[in-house]
1. Filter region 259-284 down to the residues that are at pLDDT 95 or above and among the aliphatic types (A, V, I, L, M), then identify the one that is farthest from the ligand (Cβ to nearest atom).
2. For region 244-257, how many residues meet the condition of being more than 16 Å from the ligand (Cβ to nearest atom) and either surrounded by fewer than 24 Cβ atoms within 10 Å (Cβ to Cβ) or small (Gly, Ala, Ser) (or both)?
3. From Ile315, Ile299, grab the single residue that is crowded, with 20+ Cβ neighbours inside 10 Å and under 28 Å from Asp23 (Cβ atoms).
4. Assuming Glu102 fulfils every condition listed in (1) out of contact with any strand residue (DSSP E or B) (no Cβ under 8 Å at 6 or more places or on another chain); (2) in contact (Cβ under 8 Å) with a residue 40 or more places away in the chain apart from one, which condition is it?
5. Please go through region 327-366 and give me each residue that is out of contact with any Asp or Glu (no Cβ under 6 Å at 6 or more places or on another chain), of a type in the set (A, V, I, L, M, F, W, C) and within 24 Å of Gly214 (Cβ to Cβ), ordered by number.
6. So Ser276 ticks every box in (1) closer than 16 Å to Val240 by Cα; (2) out of contact with any Leu (no Cβ under 6 Å at 6 or more places or on another chain); (3) not in a helix (DSSP H, G or I) but one. Which box is left unticked?
7. For region 70-163, give me every one of the helices (runs of 4 or more DSSP H) that falls completely inside it and has 3 or more residues that are more than 16 Å from the ligand (Cβ to nearest atom) and among the hydroxyl-bearing types (Ser, Thr, Tyr).
8. Of all the helices (runs of 4 or more DSSP H) wholly in region 347-410, which have at least 1 residues that are in contact with a strand residue (DSSP E or B) (Cβ under 8 Å, 6 or more places away or on another chain) and aromatic (Phe, Trp, Tyr)?
Amino acid sequence: MRAPFTEAFIRALPKTDLHLHLDGSIRLSTLIELARHEGVELPAYTEEGLRSEVFKDQYGDLGEYLRGFAYTCAVLQDADSLERVAYELAVDSFTEGVRYIEVRFAPQLHIHEGFDAPDTIAAVAKGLGRAQDEFNASEAIERGNEPAYRSGIIVCAMRMFTQTFSEYYRRYVALHRFRRMDEVIAQASVDLVNAAVHARDDLGLPVVGFDLAGQEDGYPAAAHAEAYNLAHQRFLRKTVHAGEAFGPESIFQALTDLHADRIGHGYHLFSPDKVSHEGISDPDAYVAALVQHMADRRITIEVCLSSNLQTNPEIGTLEEHNFRHMLDANLSATLCTDNRTVSNTSVCREIGLAIDAFPIDPKMLKQIVVYGFKRSFFPGSYSGKRTYVRKCFDLYEALEKEHGVVGHES
Ligand SMILES: [Zn+2]
């Protein structure tokens, strides 16, 4: 890794992962074990086999990237498996020094008769809580000398329903067959917000945010405006997968119609060629204004470098990735994994890739990492969050000194 950074330094740093899908981050050994136990057919039953058949280093397109989710969702259909996978995901993150994670998943993909959205959230919360308790039992944390390991849950609504949707949702669609499909999908999102608020307020579960995931193309976010409005009124924080496949207008729409606090990916923010709205006569000026708007309002972009390269092979090399422009424009951007298993990555790896591909100096790296803590949807009070962020910042600065990273500002 490029000096003055070292792998040991990156690993020791307190880090966040704000864009982390539960179903894309299952350990392959666990996937195999659960599939055997639940009779789910896999294309291979060894880790190497699954890596060469499904969970690859390179993908041809988004479709191939998404293939693995059908298998992971199929084995995550009860409380025990959700709890186990959430626990292992937290352990894997905490072990590489990620102190704060926001785990997201789509309850609609995991529910059945008698196993509803709040049940899925409770199972995930239990797994995360168990890992947290184990890691927070250290003396340094108990004495308050080090920041604790923390987590929150983001529930994802889906832009569309596909064959892989749970049996429950097939029946849900059948129940609403008198309505148009887009209306059914919109209603499902509204129902999910209500379930998330119930889980947070009545069950005391750490639900911190609401997200919209799934294929952008052909499934506009505007269809979910009612759900996002409701989430807004109920003080759920909001993020949206936007600008992954679509252009800058979809990001603008997420910020305005959906009140997004953060943007997932936002890759095509810098793509004036993707502006298609006829009311926009000067796409370059539009993009410049939108970038300024986001920088000024500190709208954070959850950047997932490996995932972007895998789902958009046309980007080419990492050096070509728009993260460079995000840094140049002083945007608030933080590095995330997206899917630890599907993208075969970790937070340390993503930071290492960024350091080697872009002109990041120690001051800039500190900003990128600290934005993750500052712009998190932290469960708890604002003063609690401030104290926590301060502790993480102090630890960061102590580690900079310990590892000889300070004084290298370029
Ligand atoms: Zn994602």
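The values are calculated or read from the model by the stated rules, or taken from the named source; none is laboratory data. The structure presented is a predicted model; accordingly, all values stated were derived computationally and were not measured. Don't worry about glycine lacking a Cβ; one is built from the backbone with ideal geometry, like all the others, and counts go over all protein chains shown.
1. Ala260
2. Count: 7.
3. Answer to the selection: Ile299.
4. Glu102 satisfies every listed condition except (1).
5. Selection gives Ala333, Val342.
6. (1)
7. Output list reads 79-95.
8. 362-374, 382-402
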